Amino acid sequence: MTWKQVSLFVLSGVLVVIPLTNWTMQGLHLIFGGQTTDTWSFAVMTPIIEEVYKLLPLALFLFFSRRATSLSLSDYVLLGAAPGIGFQFAEELSRRLTQSHYGVSFLGGKTLHWELFDLFPGYFEESFIPTMMNVTHPVHSAMIALGFGIAYRYTSCLTRWVYVFPALLLCWAILNHAAWNGQNRLPDWILTIHEWTGEGYRTEGFFLLLLMAGLLKDYWICTVSVNGCPFFEAKPS
């Protein structure tokens, strides 16, 4: 993938995903009523819609492009993260323009962290007695896209049950997002499951391990000629 193509995916996060998310939420409120501050809206439907819609540019590319089967796992990471980058840029810009104290709460202190030496800046975590965190949008979308890339490219070696893997990653991302948005309103059983999965703190580490495995696999494919079907093998185009 060229940087020009990746930049188009970043723009899709701004020009496609953000408007589509807003229209969908407005449509839901038009049908079911309620306010954007209702728990079902900002802590349930918003996380589901945002995490799914950030994957739409990649899904459309895979469906319509002939290059879909030739993508490396690194390409999946880039094309998954790019809409998340655009989405986060537009979301944060709009909120900073409309909210004077965005990223700061009275009891939690600083909640939005943009530090120079953070590996994945832009994450959410309370400064005072933190109990959970939520990673930045590109991390979630890149992790899910990488999981889908593994499933899509190597189904012939791993069977179609491998698609359960990216589905679980999507559910994990939605859970992290929902738990952060509704940490004081969601039922205890949801927050208990969130606690079992690491309360958001294990997401970055898991993504890094998955990314490292993907990069090593790409390197192996580029440098070694293999006959037969090893554990991973690219799907023929």
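The values are calculated or read from the model by the stated rules, or taken from the named source; none is laboratory data. Keep in mind that what you see is a predicted model, and the values were worked out from it rather than measured. Here the Cβ is made from the backbone with ideal geometry for all residues, glycine too, and neighbour counts use every protein chain on show.
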Counting just the residues of region 98-117 that are assigned to a loop (DSSP other than H, G, I, E, B) and of a type outside the set (A, V, I, L, M, F, W, C), which one comes out modelled with the highest pLDDT?
-> Thr111
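Scanning region 176-217 for residues that are in contact with a Phe, Trp or Tyr (Cβ under 8 Å, 6 or more places away or on another chain) and assigned to a loop (DSSP other than H, G, I, E, B), which turns out surrounded by the most Cβ atoms within 10 Å (Cβ to Cβ)? I'd like the intermediate steps shown before the answer.
Quick first cut of region 176-217, residues in contact with a Phe, Trp or Tyr (Cβ under 8 Å, 6 or more places away or on another chain) only: 180-182, 197, 200, 203-204, 214, 217.
Okay, now just the ones that are also assigned to a loop (DSSP other than H, G, I, E, B), so 182, 197, 200.
Numbers: Gly182: 20, Thr197: 17, Gly200: 23.
Here the residue is Gly200.
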A careful count of residues in region 3-50 that are over 30 Å from Arg67 (Cβ atoms), part of a helix (DSSP H, G or I) and not β-branched (Val, Ile, Thr) gives 14
Would you check if there is a residue in region 78-97 being more than 21 Å from the chain's Cα centre (by Cα) and modelled with pLDDT under 90?
-> yes
Candidate set: region 35-46, residues that are of a type outside the set (Gly, Ala, Ser) and either without any contact (Cβ under 8 Å) to a residue 40 or more places away in the chain or surrounded by fewer than 18 Cβ atoms within 10 Å (Cβ to Cβ) (or both); chosen: the one farthest from Asn134 (Cα to Cα) | Gln35
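Is it true that some residue in region 55-62 is within 19 Å of the chain's Cα centre (by Cα) and in a loop (DSSP other than H, G, I, E, B)?
yes
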Those residues of region 12-32 which are over 15 Å from Ile48 (Cβ atoms) and touching an Asp or Glu at 6+ places or on another chain (Cβ under 8 Å), in sequence order = Ile18
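Considering only region 47-67, how many residues are out of contact with any His (no Cβ under 8 Å at 6 or more places or on another chain) and either buried (at least 20 other Cβ atoms within 10 Å of the Cβ) or free of Cβ contacts under 8 Å to residues at least 60 places away in the same chain (or both)?
Summing the residues that are out of contact with any His (no Cβ under 8 Å at 6 or more places or on another chain) and either buried (at least 20 other Cβ atoms within 10 Å of the Cβ) or free of Cβ contacts under 8 Å to residues at least 60 places away in the same chain (or both) in region 47-67 gives 13.
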